[in-house]
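Colleague: Below is one structure. I have some questions about it.
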4 protein chains.
Amino acid sequence: MDDPLVIAGEKFASRLIMGTGGAPSLLGLETALLESGTELTTVALRRVQTGTEGSIWDLLQRNRIRALPNTAGCFTASEAVLTAKLGREACETNWVKLEVVADDISLLPDPVELISAARTLVNDGFTVLPYTNDDPITARKLADVGCAAVMPLGAPIGTGLGVLNPRNIAAIVADSSVPVILDAGIGTASDAALAMELGCDGVLLATAVTRAADPVRMARSMRRAVQAGRDAYLAGRIPRREDALASSPADGRANLDLAL
Amino acid sequence: MDDPLVIAGEKFASRLIMGTGGAPSLLGLETALLESGTELTTVALRRVQTGTEGSIWDLLQRNRIRALPNTAGCFTASEAVLTAKLGREACETNWVKLEVVADDISLLPDPVELISAARTLVNDGFTVLPYTNDDPITARKLADVGCAAVMPLGAPIGTGLGVLNPRNIAAIVADSSVPVILDAGIGTASDAALAMELGCDGVLLATAVTRAADPVRMARSMRRAVQAGRDAYLAGRIPRREDALASSPADGRANLDLAL
Amino acid sequence: MDDPLVIAGEKFASRLIMGTGGAPSLLGLETALLESGTELTTVALRRVQTGTEGSIWDLLQRNRIRALPNTAGCFTASEAVLTAKLGREACETNWVKLEVVADDISLLPDPVELISAARTLVNDGFTVLPYTNDDPITARKLADVGCAAVMPLGAPIGTGLGVLNPRNIAAIVADSSVPVILDAGIGTASDAALAMELGCDGVLLATAVTRAADPVRMARSMRRAVQAGRDAYLAGRIPRREDALASSPADGRANLDLAL
Amino acid sequence: MDDPLVIAGEKFASRLIMGTGGAPSLLGLETALLESGTELTTVALRRVQTGTEGSIWDLLQRNRIRALPNTAGCFTASEAVLTAKLGREACETNWVKLEVVADDISLLPDPVELISAARTLVNDGFTVLPYTNDDPITARKLADVGCAAVMPLGAPIGTGLGVLNPRNIAAIVADSSVPVILDAGIGTASDAALAMELGCDGVLLATAVTRAADPVRMARSMRRAVQAGRDAYLAGRIPRREDALASSPADGRANLDLAL
C-alpha cells in the first residue's frame, strides 16, 4: 500500500473518511460509499443496529468498510463517555469519533468537555478521534491526552463553506504529533483538495456527498480531490509569486533547443 | 467518450491542456505529459522544430498528443498574426493559442491587440483560442469575433496564485457561447478544481507541473483535480449555509431506521 | 492644504468623490454630501438641469461642490463623445467621468470603446476620468492616451462587494502615471479604507451611501474611512507575518524600563 | 457622550483600546496614544512601575488614560491569577486584561487555563477582559463565568494578518451578552474597520501603531478607522449583490427629476 493513512497503527489506502448522515436512502448511500473508495465510515450510534439485516451496519460489513461509531448528539463529557462505551459493546470496536458539541444550533465542539471526555476515554483504552474546532492549542491538548488523531473543522457542520481559516489548519498540522483529519465544512472538491494541500492526513465529510444532487458523482469527485490534494502536497508546489514569470523565457527556449 | 471537451467540433477526453514551458528536460516532460492524461499541449512556435528527432514536436507526435502552437512573445496583433501563419505551415494545423501580451514584465494580455489579432485570424480560417484577462466583456468580444474558445487567466502567468477573481470567471462562463478554458495562474490542485467548479470547460497549465519539485506526481494530481472539479460541478454541490446543519438530526435518524 | 488629491492640476482636500445615484430625495442627498466632505460629485447628464432651482446642479453650486458630469448610459464611443460634449456645454466644464458600458445588465466597461472615446475626448481638450475595469493594461492604455486619472472598479456597480482583486488594483497603482480612483463596488467603510491602503489616490462611490439605511451616518463613515486608509498607506504598515510576534518581549521590556 | 463603549458600567467615548508593546520610545508612544484618542491602554505588569517619574504609568496618569494591566507572559491559570492580584495592588484597579497563553511561540490563548483563571478572578471581584481565540464556544464560556467583555483575536499577536475568520467574530458578536473587543492581529486601518463592521464593540491593538513607520499617523488612522467601522455598522450597509445595479436607472432619474 503506497502512502497509506496510518491511525493508531492501522493502515488505510484511502484518505477519505465518510459519514453517513444526510443520506436519503441506504441504496444510494451504498453506491456513494463504494464510489468514494472510503475504508472508514462514521455512524451515529443510535442509528447503528448491529445484526439487523439491511442496516447501515450490515452495509458496511458487507463492503468491508470499517465502522467508526461517533458520539453525535452528546453535549457533555459524561454523556459522550457513556455513549462511547455503549458503542464499543455494540460495534465491537474501541475506536470512537468523539463529538461533544456545545449546543444543537451551532454544533460547535465544546473544547473543555471534549478534552475531558478524550482524557477519560483514552485512559479507558479507546482509540479516540475527536472532532474539534480549528484552534491549534485545543488540538495540541487533544493530542497530549493521547488521542490517536485530531479532527479540526474547516467550517461549521453542514455549512459547505470549506476551510475558513487555512492558517489555523496549517498550524495544527505543523504542530501535531498525530494525524490531522479535516472534519466538517467541506462543500466541494476544491475544499477537500485544499485541506490535503495544507498537510492534512485525511478528510472526513458526509453531507457534501449525501446531499449533493448526484451523490455518486460527488463521491467520485471527492475521492479524486483527496488524492489530488495529497499528491499536490507531496509533489512540492511552485511558490506563489507576486510577479509574473514567463514559462518560456527566450533564454530558456534557447537552452532547451540546444539540449534536443 | 463520456462528457468530452468539445472545441471547434473536436472532442477531447481530457479537460487538462498542458503547456511545455519550464520543463528542465524533455524526458521529464514526456513522463509528466503522459501522467497528466492531456490530449492537447501548447508549444511555443520558436521551440517547435518539426521533423527534428528528439524534439517536443516528435514527443507529442509519438504520444498522439495534439500540438497547439502558441504565439508566445508577441506584443502586437500583426506580430501575432504573422507568427500564427508561420505556425500553421510548420505544424500543419490551423489551431492556434493566441497570445498578445502588453509587455514582458506583466505578461498580461493586451485586450485591444488581442481582439484585433483574433478577428484577423478567424477571418483567415484559424481556430483561435485566445489567452485573455478575466474581464467578461473582453471575453465576450473574443467570442463575438469567432474564437473557438476563450481562455481567461486566473492570475498572471507563473504566479501560482490560483483564481484571483472567481466571480469574473463565473461571469465569463455564464455569458459564454464557446468553451471557457482557465489559462494561467494555477499553482496547485485545488486551484484547478476550483476553476472547473466555476464552470470552466477545461484548464490550461504549465509551470505548476513542470516546475513542481516532483512534476510527474503533480501531473497526476492535476489530472485528478480537473476530473474532480468537473464532477463536482456536474454533481450539484450543496448550498453554502451560514448556519450549521446537523447531518444526523434525530428525526432523520428515526426515519432512516424505519426505512431499513 | 495637506496631502491634497491633485487631478489635472486641480487640488482637492477630500479624496472621496461622490456620486448622486440612488438618492431617494434631494434633501437627504445634500446632507449626506456635506457630511461626506466631498468636493467633487458626479452627476448623470440627463439628470442635471442647470439653472433649474432645486436641482442637483443647484445643490452642488450652493455648496461649492464641483460637478463632474458623467456619460452614464452610453454604450458606444460615439454616444459617449456626444454626451460629453453636451455636458461640456450644459455644465461649463471640460471635465468628464467617461462611462462606456458594454450592456445594461453587467454595467461593465467596454474597454475597446472606452479607450477610443477617451482618445477622442482628450484630443478635443477634455479632462477625462474614465471608469474602467481592473485590468492593468487597459488602465495603462487609458493613461497613455492622455486621461487625467484612471478609475478602475473594485467590483461591478452597485454590488457592494468591495475590492474583488486587490492585486490588480495594486498593479494599476504601481504602474500608473496618473491618479488612480477606485470607482464602483464599495459597500462599506473597510472597502474604502482598503482601496486607499492599496495606494489609490481616491475613492468614488454612490450607492454605498445613498442606499444605506442611514446615508448621513454612512457618509461620515466613508469620509473617515478614506482618510484612515490614506493615512495607513502613508504611515507604513507593519509587515504581515506568518508567525506571532510578542509586542512585549522580555528583553524589550527590560530595555524600555531602563530607558525610563 | 454619543454611542459610548460601556464595559462593566464604565463609559468610554473611544472604542479604540491601545497597547503599549513595541514602542521604541516613551515620547513617541505618548504622542501616538494621544493621537489615537484612546481612553484605555493596556500595560504589561512587569513594565509598569507606579510612582516612577517618567514611566508609562506616569504617562497614562498625566493624560488621564485609564491603565488596564495585563497578564502577558503567563502560561497557567495560577500564574495569571497571581499576576492579576499583584497588578491590582500596584495599579489600584480591579480591571485586568487576562492573558494566559499556551506557549511563547504561538502566543495563542490556552482556552482551558484561560476559562479557569477567568472564573477565579471574577469570583475574587475582578473585572476580567480575557484575550481569547476566535472560537465562539470559548467566548461564550468566558461570558458565562462572568467576564465583563470577551476579546477574541483576529489573527495571532503581531502578525498583522487582520481578521482571518470573520464568520467566527460575527458569531461571537451575535451570541455575546457582553461587549466584544477584537484583540490581536490588526495590521492596518481596514482591518480595524472590518472588525467594527462585524459588530465588535471595540478594537485593541498595539504593534500596528507602535511599529508602523509613522506611529502617530497610524494612530490617527486607527482612530478614524474604528469610528468609520462603527458608523458603517450602525448605518446599515447596502446588501452584497451578485449582479450589478445601476445607481442611476432611467426610471429612477425620471422620478427624481419630477421630484425637483
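Please treat every number below as a calculation from the coordinates, not as lab data. These numbers come from a predicted model, not from an experiment. We place every Cβ from the backbone using ideal geometry, glycine too, and count neighbours over all the protein chains shown.
Colleague: How big is the protein assembly as shown by Rg and Dmax over its Cα atoms, in Å?
Modeller: 30.5, 89
Colleague: Could I ask something else about it? Take chain B, connect every pair of alpha-carbon atoms lying under 10 Å apart with a spring to form a Gaussian network, then pick out the residue of B:208, B:174, B:192 with the largest mean-square fluctuation.
Modeller: B:174
Colleague: In the protein assembly as shown, what percentage of the DSSP-assigned beta bridges are antiparallel, given to the nearest 5?
Modeller: So the antiparallel bridges in the protein assembly as shown amount to around 15 percent.
Colleague: Residue by residue through region C:84-89, what is 3J(HN,Hα) from phi via Karplus (6.51 cos²θ - 1.76 cosθ + 1.60, θ = phi - 60°)? Round to whole Hz and write x for glycine and proline.
Modeller: With coefficients 6.51, -1.76 and 1.60, one gets 4, 5, 4, x, 4, 5 Hz.
Colleague: With springs connecting C-alpha atoms under 10 Å apart, model chain C as a Gaussian network and identify which of C:125, C:154, C:21 has the largest mean-square fluctuation.
Modeller: Taking springs between Cα atoms under 10 Å, the residue moving most is C:125.
Colleague: If N is the number of residues in region D:172-226, what value comes out of its Cα radius of gyration divided by 2.2 N^0.38 Å?
Modeller: In units of the globular-protein estimate, region D:172-226 measures up at 1.15.
Colleague: Which of B:243, A:191 comes first, and how do the rest follow, when ranked by fewest Cβ neighbours within 10 Å?
Modeller: Listed from fewest to most nearby Cβ atoms, that is B:243, A:191.
Colleague: Once the mean 1/r over all distinct Cα pairs of chain B is inverted, what Kirkwood radius in angstroms do you read off?
Modeller: About 19.0 Å for chain B.
Colleague: Which cross-chain or sequence-distant (5 or more) residues have an amide H under 5 Å from the amide H of residue C:127, H modelled 1.01 Å from N in plane?
Modeller: C:95, C:96
Colleague: Provide C:221, A:55 in ascending order of the number of other Cβ atoms located within 10 Å of each residue's Cβ, fewest first.
Modeller: Starting with the residue having the fewest Cβ neighbours, the order is A:55, C:221.
Colleague: Give the percent of DSSP beta bridges with both residues in region C:1-95 that are antiparallel, rounded to the nearest 5.
Modeller: 30 percent
Colleague: Which length gain, in nm to one decimal place, applies between residue A:58 and residue A:105 when the Cα-Cα distance is subtracted from 0.36 nm times their residue separation?
Modeller: Here the answer is 13.8 nm.
Colleague: Work out from phi, with θ = phi - 60° and the Karplus expression 6.51 cos²θ - 1.76 cosθ + 1.60, the ³J(HN,Hα) of each residue of region D:129-135, listed in order in whole Hz, and give x for Gly and Pro.
Modeller: Rounded to whole hertz, the list is 10, x, 7, 10, 6, 9, 7.
Colleague: Additional query: How would you rank D:100, D:128, A:216, going from fewest to most other Cβ atoms within 10 Å of each one's own Cβ?
Modeller: The most exposed by this proxy come first: A:216, D:128, D:100.
Colleague: Taking chain A as a Gaussian network, where each spring joins two C-alpha atoms under 10 Å apart, which residue of A:162, A:22, A:37 fluctuates the most?
Modeller: Fluctuation is largest for A:22.
Colleague: Quick query: amide H of residue B:17 versus all other amide H atoms, modeled in the peptide plane; which residues come in under 5 Å with a sequence gap of 5 or more or a different chain?
Modeller: Amide H to amide H, under 5 Å and 5 or more residues apart or across chains, residue B:17 pairs with B:203, B:204, B:205.
Colleague: Give me the distance in nm between label points sitting 7 Å out from Cα along the Cα-to-Cβ direction at residue C:92 and residue A:82, one decimal.
Modeller: Result: 8.6 nm between the two label points.
Colleague: Related question: Which angle from 0 to 90°, rounded to the nearest 10, does the C-alpha axis of helix A:250-259 make with the longest principal axis of chain A?
Modeller: 90 degrees
Colleague: Within chain A, what's the longest stretch lacking GluC sites (Glu not before Pro) that sit in DSSP loops with no more than 16 other Cβ atoms inside 10 Å?
Modeller: A:93-241
Colleague: Is the C-alpha gyration tensor of region C:26-167 telling us rounded, prolate or oblate? Criteria: a/c under 1.5 is rounded; beyond that, a/b larger than b/c is prolate, otherwise oblate.
Modeller: Oblate is the answer for region C:26-167, as a/c is 1.5 or above yet b/c matches or exceeds a/b.
Colleague: Would you work out if region C:1-97 is rounded, prolate or oblate? Take a ≥ b ≥ c from the square roots of the eigenvalues of the alpha-carbon gyration tensor; rounded if a/c is under 1.5, else prolate when a/b is larger than b/c, oblate otherwise.
Modeller: In terms of gyration-tensor shape, oblate.
Colleague: Determine the percent antiparallel among the DSSP beta bridges restricted to chain A, to the nearest 5.
Modeller: 15 percent
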